[in-house]
Amino acid sequence: MLDMRTLKLQMQITIDGFVARPDGTQDWMKTGMDKKAVERVIHIADESDTIIMGRKMSKDFLPYWEKLVDSGDTSNPEWGIGTRMVEMKKIIFSKTLKTTDGRNARVENGDMKTVINKLKSEPGKDILVYGGANFVSNLIKEDLIDDYYFFVNPVGIGEGMKIIYGTKKLKFVETIPYTSGVIVNHYKPER
C-alpha cells in the first residue's frame, strides 16, 4: 500500500486564536522573525512540493512572492523562502476563478475533498496549505489536515477571523519557542 502524502497547515495566529482581523488584515503579525523561525518555515516548505490555497489568498500570495523573486535581491531575508514559493506547484481552489497567470499555478474547480484526497494518494512530497481563513476552515471541517503548525504571535486582537468552529480535538506533538516571541505549536488531529 502506498503511503499517503500529508497535508500540512502552516498558519500565523494570535494568542487569542484569530488568523486575521475582521477585515482580513494581518497587521498584527510579527515581522522580523528570528533566523531559527525562518529556518522552520523553510524546513516545512522543503518537505512539500505542492501548495494549496483559496482564491482570496492567491490574489496577494502569488504576486508578492513573484515580485520578490523578480527583484533579484538575494540579500532580502525572504529570498530563500520566496524562491521556493514561486517554484513550487500551486493549486488554487475556487468556485468562480477559472484561470490564473501565477507561475507554476493552476485553478481547481472540482470538489475540494475529492481533489485533495486524490492529491494525497499521488506520489510526491507533502502538500502545504497557508490559507485563507475560509478555505482552511473548510479543510478542517472536512478533516483533511494531517499536521497543524500554528505560528502563535505574541499579540491578542480581541476579534477577527478564526478557522476552527465547534470542537476540534488535536494531539500535541511539540512546541518550539523562538527569540522573536513567536511560538510554533505542532498538532495532529485526533482521528
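The values are calculated or read from the model by the stated rules, or taken from the named source; none is laboratory data. Note that the coordinates shown come from a computational prediction; the quantities given were computed from them, not determined experimentally. Cβ placement follows ideal geometry from the backbone for every residue including glycine, while neighbour counts extend to all protein chains displayed.
So the values come out like this:
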{"read-out": "Neighbours by Cβ (under 7 Å, 6+ apart or cross-chain): first from the stretch 7-26, in contact (Cβ under 8 Å) with a residue 60 or more places away in the chain and surrounded by 15 or more Cβ atoms within 10 Å (Cβ to Cβ); second outside any strand (DSSP E or B) and of a type in the set (Phe, Trp, Tyr)", "value": "THR14/TRP28"}
{"read-out": "Residues of the stretch 124-156 satisfying the condition of being part of a loop (DSSP other than H, G, I, E, B) and surrounded by fewer than 18 Cβ atoms within 10 Å (Cβ to Cβ)", "value": "GLY124, LYS125, GLU142, ASP143, ASP146, PRO154, VAL155, GLY156"}
{"read-out": "Members of the stretch 157-187 that are outside any loop (DSSP other than H, G, I, E, B) and closer than 24 Å to MET57 by Cα", "value": "MET161, ILE183, VAL184, ASN185, HIS186, TYR187"}
{"read-out": "Meets criteria (more than 14 Å from the chain's Cα centre (by Cα) and either within 24 Å of TYR165 (Cα to Cα) or modelled with pLDDT of 90 or more (or both)) for LYS30", "value": "no"}
{"read-out": "Hey, LYS169 over 21 Å from ALA20 (Cα atoms) and in contact with a Ser or Thr (Cβ under 7 Å, 6 or more places away or on another chain) or not", "value": "no"}
{"read-out": "Every pair of residues 6+ apart whose Cβ atoms lie under 8 Å, when the first sits in the stretch 82-108 and is without any contact (Cβ under 8 Å) to a residue 24 or more places away in the chain and on the phi > 0 side of the Ramachandran plot while the second is in a loop (DSSP other than H, G, I, E, B) and buried (at least 19 other Cβ atoms within 10 Å of the Cβ)", "value": "ASN104/MET88"}
